[in-house]
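Working notes, beginning with the structure itself.
The values are calculated or read from the model by the stated rules, or taken from the named source; none is laboratory data. Keep in mind that this is a model prediction, so the values were computed, not measured. No Cβ is skipped: glycine too gets one built from the backbone with ideal geometry, and neighbour counts run over all protein chains shown.
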Amino acid sequence: MRANRFLRSSGVVAVFLLSLCATAAWAQYPSRPIRLLVPNPPGGATDTIARVVAPRLGEALGQPVVVENRPGSNGNLSSELAARAAPDGYTLLLGQDSQIVISPHLYANLSVDTLKDLAPVSTLVTTQMVLSSNPALPVKNLLDFLEYARRAKPPLAYASIGNGSQHHLTMEMLKTRAGIELIHVPYKGGGPATLALLAGEVPVMFGGNSVTGHIKAGKLRGLAVAGKKRSATFPDLPTLSEFFPGLEVTAWIGIFTAAGVPAPVLSRL
């Protein structure tokens, strides 16, 4: 009897000591560089945000944060890499709303469940998308664009950062509500899509931070914003909902890591 009690007591003590050791080990996090996966090529809004955040995060954590662009499959490649990484906090993902929330409903054979296999760390950015046009398109506002699109033969093309992205789906909702035809041309990220718009390869797109500077510089024309309220950056641009009630879209970007990362590490992040 006493032996059994001793063994049980010893087991409890051992578990307690192991937990203390594990806690002490995670208290040293991070002890080596951290990689930050970006689902888009260099040059787009997501990549820009990553390169602003990485050095600041690295300074706060005391270890370098290395940006690693891993575009492909509308962000699903980077989601898989992050979800399959060791749950130790040394692989982070700069995730977009489309790849985290929308992709599971669009792709039947995803190898990861983004809502279960990834753990949220923080929301970094929420932004309004701007319906933007190349200045060569003879329109000055949203109503001009809709009227021009209705008469265009063949239909106008529009760019997006990829199939199933907020940029893509928002334009599709506008098409439906406005009763117009447009041809979707997906690009591999905001950088390539914005360059195509600037070059006149496509006349129009919904863009986030990647188009803001170009609109201010007069290289692109802003037609409307997709958020619930008018943008503080472009207060003269109407919202889509002013013409189509309920048509409101806000894009967001956040940091994620593999599910199962210990609580002390998540708290540190």
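Tallying residues that are part of a strand (DSSP E or B) and of a type in the set (A, V, I, L, M) within region 107-139 yields 7.
Taking the numbered list (1) surrounded by fewer than 17 Cβ atoms within 10 Å (Cβ to Cβ); (2) assigned by TED's automatic domain parsing to the domain that holds Leu220 in turn, His105 passes all entries but (2). Restricting to region 153-191, count the residues that are hydrophobic (A, V, I, L, M, F, W, C) and closer than 19 Å to Gly227 by Cβ. Total meeting the criteria: 6. Filtering region 196-212 to residues that are within 19 Å of the chain's Cα centre (by Cα) and either of a type in the set (A, V, I, L, M) or at pLDDT 90 or above (or both) leaves Met205, Phe206, Gly207, Val211, Thr212.
Only one entry of Asp88, Asp144 meets the criterion of being in the same structural domain as Arg230 (by TED's automatic domain parsing), modelled with pLDDT of 95 or more, surrounded by fewer than 18 Cβ atoms within 10 Å (Cβ to Cβ) and among the acidic types (Asp, Glu), and that entry is Asp144. Note on region 172-195: residues that are touching a residue at least 40 places away in the same chain (Cβ under 8 Å) and under 20 Å from Phe145 (Cβ atoms) amount to 6. Is one or more of the residues making up region 62-82 without any contact (Cβ under 8 Å) to a residue 60 or more places away in the chain, assigned to a helix (DSSP H, G or I) and among the basic types (Lys, Arg)? No, the conditions are met nowhere in region 62-82. The set of residues in region 200-237 that are within 18 Å of Pro42 (Cα to Cα) and either of a type in the set (Phe, Trp, Tyr) or in contact (Cβ under 8 Å) with a residue 12 or more places away in the chain (or both) comprises Gly207, Gly208, Asn209, Ser210, Val211, Thr212, His214.
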